[in-house]
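The values are calculated or read from the model by the stated rules, or taken from the named source; none is laboratory data. Note that the structure is predicted; figures quoted are calculated from it, not measured. With ideal geometry, Cβ positions are generated from the backbone for all residues, glycine too; neighbour counts draw on all protein chains shown. Just so you know, the surface numbers come from the protein's heavy atoms only, side chains and all, with ligands and any DNA or RNA stripped out. Shrake-Rupley method; radii C 1.70, N 1.55, O 1.52, S 1.80 Å.
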Amino acid sequence: MSTDLAFGSVPPFYREVYDIVCPNQEQVDRDLFVQLLVRSSLPKPVIMQIWDAVDTNSGFMTRNGLYKALALTALAQQGKSINDKLLETFSGQELPRPNLGDLSDLRAASVRLRRERTPNLLGFSYSDLCSLDTVKVELVPEKKGLILKHVEYEVTSQRFKSTVLRRYNDFLALHELVMMRFPYRILPRLPPKKMMGANREFIEQRKKSLKRYINILARHPQINDDKLLKFFLTFTGNDMQHKIKEQFRGIPDEFMTSNMASKAKDLVPMDTQMQLANSKEHVRMLTDTVTRMKEIAEHMVIRSTGFATDMLQFGRQLNLMSNDATPLTAWATGTNDTWPQLQKGFKHLSVEYATLSDKSTQAAIDLEDGVVEKLSLFQDVLLSYRDLCDRHEKGVLNEHQRAIQKMGQYKKKKMSATVQSAGEGTVEQLEQRILEQEGQIANMENRNYYSLHCLQMETQLVYAHLDIFYDVLSRMAEVEAHAAAQLSKTWSEVKPIADTLISQDGAPSPTRTSPVGSPTTNNHMGIGV
């Protein structure tokens, strides 16, 4: 370990904490540092002592100051009194690790703080998104139901340390509520529902789609911490789809609860429309490219699976011949003893061809999980972004424009009523409608700006997922290299076995063109037995 303090070496945990509170090598924020100390569960006077020991009176501290605070926190948790010479005993030793609980909440707090200070920057890398949660979705082996059997899924959240059973309709109920709660965010599409005759392949593909769906939500910076998603991932009672609707019926959308909604106009840069148009065009290109790459990867999986099937069938044919017990005599073989020699080799070769099949099958599985599924997830994100842009244009933007048009109509009617000296009641009614419409326009205008602000954040979220390409390319190379090495090794073991399918003296078995006892000339071809 490198020495970053005057006394003791720094353990990896210290650097992990520093990366959380200072992801861009910034200065440690005072508010975030206080939250860090509070997580230690130490008495307030002790926390103040630690703060006094590292405080620079400038509102922030250096990295070494943070490391010193972590060391003092660990020692205080051990019951030791805080003093300046406490760390001197660790000369040449690794500094102690404090108990700060689960750091995922601290990471989220760090992101929220940076978000408040730089609201136009997402502040998440792809690894940050993945660290928010990983949700596994597995099929429950038995189908439930007496008449119409339905499929259940076991949904496990790493973050909440929970495992719950969910049906497709539970996902559908969640999706309807999420659409109402977060209309200005990237929301993946649900896979289709098949009423009758769902085969194993359909069920497997839908399971994968649901897994991608729930992971995109669980890793979304705004959605992951919402009570709605937590309820879905943790509720263990019966009748989930009705319970979640009952619990969150009439839930306000994000605009109504966000502290940024009132200042949304200030968050939207002047060139947003131009930047959005450029980004949409680039995302369109990415969508087309990723879709094609996914198709190619799927073809690679099909080829590996096809090769595995061919090798397995080839081996079975060899095994079939090796077990053949048909009695043969010299009448059929003459002096040719090739068949018994081949049978011995076929037995060994059938095992090697089965191995070739196994290796290629595993390569197909690895490609499916490590390449196709990652590209599918990115494709889901890209398509969700396109859907979001459509919702913006056809929804809030369109409603804002219609409200402005309606306002113009009211003003024309008022002007006409005034010119025609209509009754005061009519003019007053129109003025009241104009005032109400102005309020609606102001609200829609704020929503429009908020939607544009969210679009900027969601665009940055799309680009945070670009790191998937690193995973895809690395995994593809790893799988193909390993598969090629495994297949090459097996083929190299096949060759010497094939080479031994000859007579014991090392030369090919002699064959006769005219076996003993058989006709030797065409003149006797028609002779019967």
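Summary of values
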read-out: Helices (runs of 4 or more DSSP H) (entirely within segment 236-306) containing at least 3 residues that are at pLDDT 95 or above, surrounded by 11 or more Cβ atoms within 10 Å (Cβ to Cβ) and of a type in the set (S, T, N, Q); value: none
read-out: Pick from segment 326-363, criterion among the polar types (S, T, N, Q) and assigned to a loop (DSSP other than H, G, I, E, B), ranking: surrounded by the fewest Cβ atoms within 10 Å (Cβ to Cβ); value: THR326
read-out: Segment 167-210, residues that are crowded, with 20+ Cβ neighbours inside 10 Å and among the basic types (Lys, Arg); value: ARG181, ARG185, ARG206
read-out: Of all residues making up segment 111-149, the number that are modelled with pLDDT under 75 and closer than 15 Å to GLN222 by Cα; value: 6
read-out: Segment 479-504: number of residues that are in contact (Cβ under 8 Å) with a residue 12 or more places away in the chain, open to solvent by 50 Å² or more (accessible area, probe 1.4 Å) and more than 30 Å from GLN343 (Cβ to Cβ); value: 2
read-out: Failed criterion for SER157 (all others in (1) in contact with a Leu (Cβ under 7 Å, 6 or more places away or on another chain); (2) open to solvent by 50 Å² or more (accessible area, probe 1.4 Å) hold); value: (2)
read-out: Odd one out for VAL396 among (1) under 30 Å from PHE255 (Cβ atoms); (2) surrounded by 19 or more Cβ atoms within 10 Å (Cβ to Cβ); (3) at pLDDT 95 or above; value: (3)
read-out: Subset of segment 122-137 [under 11 Å from the mean Cα position of the chain (by Cα) and assigned to a loop (DSSP other than H, G, I, E, B)]; value: ASP133, THR134
read-out: Index of the failed condition, ILE223 passing every other in (1) assigned to a helix (DSSP H, G or I); (2) of a type in the set (Val, Ile, Thr); (3) closer than 24 Å to LYS374 by Cα; value: (1)
read-out: Criterion: of a type in the set (Asp, Glu), more than 33 Å from the chain's Cα centre (by Cα) and within 30 Å of MET179 (Cα to Cα) - qualifying residue of GLU445, GLU493; value: GLU445
read-out: For PHE231: the one exception among (1) part of a loop (DSSP other than H, G, I, E, B); (2) under 16 Å from THR163 (Cα atoms); value: (1)
read-out: Unmet criterion (only one of (1) surrounded by 12 or more Cβ atoms within 10 Å (Cβ to Cβ); (2) at pLDDT 95 or above; (3) more than 30 Å from PRO192 (Cβ to Cβ)) for LYS413; value: (2)
